[in-house]
Amino acid sequence: MSAASETALGLKESRTPQARLLRLVVHALVLVVFAGPLLALLVSAFNHVSDPTQLSVVPSRPTLDNFAVAVDHGVLKYLLNSFFVVGFGLLLQVAVSTLASYALARKRFPFMTLVFVAILATLMLPEEILAIPLSLILSDLPVLHINLIGTLAGIIVPVGAWAFSILVMTEFMRDVPRELEEAARIDGAGELRIFAWIILPMCRPALGVIGVFGFTMIWDQYLLPMLVASDSSTYTLPLALRTLRIDPIVTPGVVMAASLLALLPSVIVFLFFQRSFVHGLSSGALKG
């Protein structure tokens, strides 16, 4: 048996015992770096931890006391606030992204390139730069003159449009054959029917991608809730974790339990939409 084999890139892959041992060590290091913190979080959430330097990956006297204390501190209320924000925010974001992408991908209008560049530019601006303008706008919404500070709507409205989702949907919609659209117009289909029955079904993989990324983006929002929330009644769970962390009475184990509750929804959503997510990414890679 040959001690080396050629990889897809034309490189030589050694199969000697020393090379296998080296690969095993590298894989173990990668596993420790990426899985170690998650395992420590999971174990510490069920352990009595009074000192943050005592976090361990080995279970010791598992208990649910940390979760009970977290519930007593209102974690469930903050969790419901997060679900409310991410639910309505994601629906709004998907609706805005698909409609905007349909216009950018299938229509021609003046200053179209300028609009596309403006949307792309929003991805390059740090959130800290937008913080002050955003807080001023939310305190006096243009045209309507409504103050959204101190409301959950103030968190939902800004996440209703995300350049990443618009760009992903635009690229997928551009690849939908125009012959299908023309055939539908000949059959008497209107604009809305073409969008809902022809374009969107062809972009299901992209919907899975923007759904997973959009959920994670909204769920992990920290700066926006901090700008909008005026009291604890409008806190989301990521923002509430800060108040738990600085509370001298709350132990690190309670913070870990709340952090685990904050992590689980993103993991569940990814597992639920995993097939659409992977299919969407692979479709985009093949098109590129």
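Observations
Per-residue answers, yes or no, for (1) among the hydroxyl-bearing types (Ser, Thr, Tyr); (2) modelled with pLDDT of 95 or more:
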residue: Val75; (1), (2): no, no
residue: Val86; (1), (2): no, yes
residue: Leu91; (1), (2): no, yes
residue: Tyr102; (1), (2): yes, no
residue: Phe109; (1), (2): no, no
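- Residue that is nearest to Val96 (Cα to Cα) [pool: residues in the range 195-211 that are crowded, with 21+ Cβ neighbours inside 10 Å and among the β-branched types (Val, Ile, Thr)]: Ile210
- Each residue in the range 172-185 was checked for being surrounded by fewer than 17 Cβ atoms within 10 Å (Cβ to Cβ), part of a helix (DSSP H, G or I) and within 30 Å of the chain's Cα centre (by Cα), and 1 pass.
- Residue check for Leu130: among the hydrophobic types (A, V, I, L, M, F, W, C), in the same structural domain as Ala262 (by TED's automatic domain parsing) and free of Cβ contacts under 8 Å to residues at least 24 places away in the same chain: yes
- Some residue of the range 245-260 being closer than 18 Å to Phe88 by Cα, at pLDDT 90 or above and hydroxyl-bearing (Ser, Thr, Tyr): no
- Conditions (1) crowded, with 18+ Cβ neighbours inside 10 Å; (2) at pLDDT below 90; number of the one not met by Pro126: (1)
- On inspection, Phe270 passes the criterion of being aromatic (Phe, Trp, Tyr), over 17 Å from Gly154 (Cα atoms) and modelled with pLDDT under 90.
- Val33 vs. criteria crowded, with 17+ Cβ neighbours inside 10 Å and outside the structural domain of Tyr235 (by TED's automatic domain parsing): no
- Test: residue in the range 195-211 that is part of a helix (DSSP H, G or I) and closer than 30 Å to Thr243 by Cα: yes
- Top-ranked residue of the range 225-240 - restricted to ones that are under 20 Å from Leu264 (Cα atoms) and of a type in the set (A, V, I, L, M, F, W, C), ranked as farthest from the chain's Cα centre (by Cα): Ala240
- Filtered residue count, the range 129-171, keeping only those that are of a type in the set (S, T, N, Q) and surrounded by fewer than 18 Cβ atoms within 10 Å (Cβ to Cβ): 4
The values are calculated or read from the model by the stated rules, or taken from the named source; none is laboratory data. Bear in mind that the values here come from a model prediction, so they are computed numbers and not experimental data. Cβ: placed from backbone, ideal geometry, glycine included. Neighbour counts: every protein chain shown.
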